[in-house]
Amino acid sequence: MQLAKYVKFRAEKFGSVLFETRSEKVFTLNPTATAVVREIEAGGDERAITARLKDRFEDRDGAIEREIVAFIADLRRRELVED
């Protein structure tokens, strides 16, 4: 999985953003979404990304995993990532 070729990620003072250059849309990201995008940039499939973040955030009740799965599904729906 990787960001689509027309999507740029950038960390800002106020947080981080995804910029979709075709439509010039900007998406602001919360800390969980930022961690997901950084993992996408590092490489790997959805399962590997989810596993790494579950370990990092010590996700005992599955809340982080649900957020990750929902966020990646949203990225796919908006065509912001490619498999």
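Values for this structure:
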| quantity | calculated |
| --- | --- |
| Relative contact order, percent, the chain [alpha-carbon distance under 8 Å, six or more residues apart] | 34 percent |
| Answer label for percent of Cα pairs over 15 Å apart (calculated), chosen among [x] 54; [y] 77; [z] 72 | [x] |
| Computed [θ] at 222 nm, deg cm²/dmol, the chain (DSSP H ≥ 4; -39,500 (n - 2.57); rounded to nearest 500) | -14500 deg cm²/dmol |
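Readers should treat all values here as calculations from the given coordinates under stated rules, not as data from a laboratory. What you see is a predicted model; the values in this text were computed from it and never measured.
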